[in-house]
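Everything below concerns the one structure shown next.
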Amino acid sequence: MIDPDHPAGGSPTNLSEISRVLPVAGLEIEGRYQAADRDVRAGGDFFDVFPLGPERTAVIIGDIAGHGRAAAEASRSVRALVHRELTRAAGPADVLTAVEAELVADGASTMVTLLCAEIDTGQDLVRMASAGHCWPVVRRGSGLVEQFRQAPAPPLGVGLLDPAAGRPAEWAVPFLAGDLAVLYTDGLVERRRIPLDAVLGWVRDAIAEHSEPDELCRQLLDVAATQRDHDDDIAVLIVRRAIATDGDVRIHALEERV
């Protein structure tokens with residue numbers, strides 16, 4: 001599990017890094033986290049990776065309302081809750097439903113947007129469900145860039161997800177060797193004075209131009225800094241389906257705090 005709240009080391013450029021190698025076949029993962037509060041260096045945005053089996057991996061990204069220490073603590077609680085539900089849920093939509101029920105029953109008034117995805121490298125697909133969260137952008141191995149725009153379920157934790165209406169919608173899409181998915185929080189794309197579609201266009205352009213996850217993460221943070229007119233936490237997580245060439249079946253996961 002990647003934990004964005006516990007950086008290690010440091011550097012003259014005020015960056016600290018955590019490097020993890022996880023025993024999951026067929027994926028390369030890079031993540032970046034930038035807190036709005038540079039003094040606290042923690043916030044409510046989060047991501048995590050959970051191996052579920054030899055060919056199945058769960059990936060989540062979320063955003064707790066607010067930022068700072070209180071939001072960081074809430075994000076740790078939500079990640080632990082998601083991890084528990086992943087071990088018994090039938091899929092991403094069921095995870096969102098269970099997390100909503102737990103948060104509402106707890107009465108903590110923690111509002112969180114959450115995207116949950118399950119990648120199955122054996123079946124070459126990814127299943128995903130979103131509760132109020134930004135949908136990912138996918139770059140196919142051919143270079144084609146796709147922006148998902150399905151309507152998400154409401155955010156979790158404040159009683160907006162109506163159990164009587166059924167569980168959140170779940171989508172399954174192909175995820176083949178060479179495909180790359182970019183998951184992010186709204187701090188990457190929201191501006192007060194620039195339309196969302198314009199910023200999403202910058203994001204798609206960066207994804208189209210850079211296929212290497214490390215370089216793409218850095219380019220996306222450059223996008224985040226472009227004409228930025230507010231302070232918000234930013235999380236970016238890139239998942240690429242590896243093309244097997246040498247029998248290496250590890251995830252190489254890097255989380256960098258800016």
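Evaluating VAL138 against the criteria (1) among the hydrophobic types (A, V, I, L, M, F, W, C); (2) surrounded by fewer than 20 Cβ atoms within 10 Å (Cβ to Cβ); (3) not in a loop (DSSP other than H, G, I, E, B) leaves one unmet condition, (2).
Residue pairs, Cβ under 7 Å, 6 or more apart or interchain, first in the range 96-110 and of a type in the set (Gly, Ala, Ser), second assigned to a helix (DSSP H, G or I) and modelled with pLDDT of 85 or more. List them. Within 7 Å, the pairs are ALA98/GLU85. Screening LEU254, LEU216, LEU221 for residues that are modelled with pLDDT of 70 or more and in contact with a Lys or Arg (Cβ under 8 Å, 6 or more places away or on another chain) leaves exactly one candidate, LEU221. If only residues of the range 41-50 that are part of a strand (DSSP E or B) and without any contact (Cβ under 8 Å) to a residue 60 or more places away in the chain are counted, the one that is surrounded by the most Cβ atoms within 10 Å (Cβ to Cβ) is ASP48. From the set of residues in the range 54-88 that are charged (D, E, K, R), touching a residue at least 60 places away in the same chain (Cβ under 8 Å) and not in a helix (DSSP H, G or I), which is surrounded by the most Cβ atoms within 10 Å (Cβ to Cβ)? Selected residue: ASP63. Among the numbered conditions (1) part of a helix (DSSP H, G or I); (2) at pLDDT below 90; (3) crowded, with 19+ Cβ neighbours inside 10 Å, the only one that ASP197 does not meet is (3). Is the range 177-187 home to any residue that is at pLDDT 90 or above, surrounded by fewer than 18 Cβ atoms within 10 Å (Cβ to Cβ), touching a Phe, Trp or Tyr at 6+ places or on another chain (Cβ under 7 Å) and more than 16 Å from ALA58 (Cβ to Cβ)? Checked against the condition, which is being at pLDDT 90 or above, surrounded by fewer than 18 Cβ atoms within 10 Å (Cβ to Cβ), touching a Phe, Trp or Tyr at 6+ places or on another chain (Cβ under 7 Å) and more than 16 Å from ALA58 (Cβ to Cβ), the range 177-187 yields no hits at all. With respect to the conditions (1) modelled with pLDDT of 90 or more; (2) surrounded by 13 or more Cβ atoms within 10 Å (Cβ to Cβ); (3) assigned to a loop (DSSP other than H, G, I, E, B), LEU161 falls short on a single one, namely (1). Are any of the residues in the range 139-151 modelled with pLDDT of 90 or more, under 27 Å from GLY66 (Cβ atoms) and within 18 Å of the chain's Cα centre (by Cα)? Checked the range 139-151: no residue is modelled with pLDDT of 90 or more, under 27 Å from GLY66 (Cβ atoms) and within 18 Å of the chain's Cα centre (by Cα).
Here is a check on your reading of the model: is ALA93 within 28 Å of ASP231 (Cα to Cα), hydrophobic (A, V, I, L, M, F, W, C) and in contact (Cβ under 8 Å) with a residue 24 or more places away in the chain? Here the answer is no, as ALA93 does not meet what is asked.
The values are calculated or read from the model by the stated rules, or taken from the named source; none is laboratory data. These numbers come from a predicted model, not from an experiment. Here the Cβ is made from the backbone with ideal geometry for all residues, glycine too, and neighbour counts use every protein chain on show.
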